[in-house]
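What follows is a single structure, written as structure tokens, with notes after it.
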Amino acid sequence: MDILEATRALSALSQETRLQTFRLLVRAGDAGMPAGDIARDLDVPQNTLSAHLSVLSAAGLVAGTRDGRSIIYRVEQAGMRALLSFLLEDCCGGRPELCAPLLDSVGCCPQEMEPCS
């Protein structure tokens, strides 16, 4: 990830509803959530949520897949890892391997620290 991609991702997350959406999708794991459920959970009009999901998708942080008449949204694990890697690139006095355990846990359920199912 380069600085422009990181800026786009951080900018996407810098709005309250988009950050809440991203966090909700992180908690949903691989199952993801239909857009309508996200809108209901966050008490956001569906057309407003659609615009927010579009920004998150353009930043490479979420992706949607059609399931019948619904679109199921999930966090893009690769995009989230790339952003965290970028942010941690210069950590620990130039020894990024010290941050490897943190990156290895990305995409896992925080409660169990095992891959989400």
Reported label for calculated Cα Rg over 2.2 N^0.38 Å given (i) 1.11; (ii) 1.27; (iii) 1.54: (i)
Roughly speaking, what is the stretch gain from residue 69 to residue 14, that is 0.36 nm per residue apart minus the C-alpha to C-alpha distance, in nm to one decimal? 16.8 nm
How far, in nm, would the chain grow between residue 42 and residue 24 when pulled straight, counting 0.36 nm per residue and subtracting the alpha carbon separation? 5.6 nm
When the label point is put 7 Å from the Cα of residue 5 along its Cα-to-beta-carbon vector, which residues of the stretch 68-96 have a backbone N closer than 20 Å? 74-91, 96
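Quick note: the coordinates plus some simple rules give every number you see, no bench work behind them. Bear in mind the structure is a predicted one, so any value in this text is a computation, not a measurement. Here the Cβ is made from the backbone with ideal geometry for all residues, glycine too, and neighbour counts use every protein chain on show.
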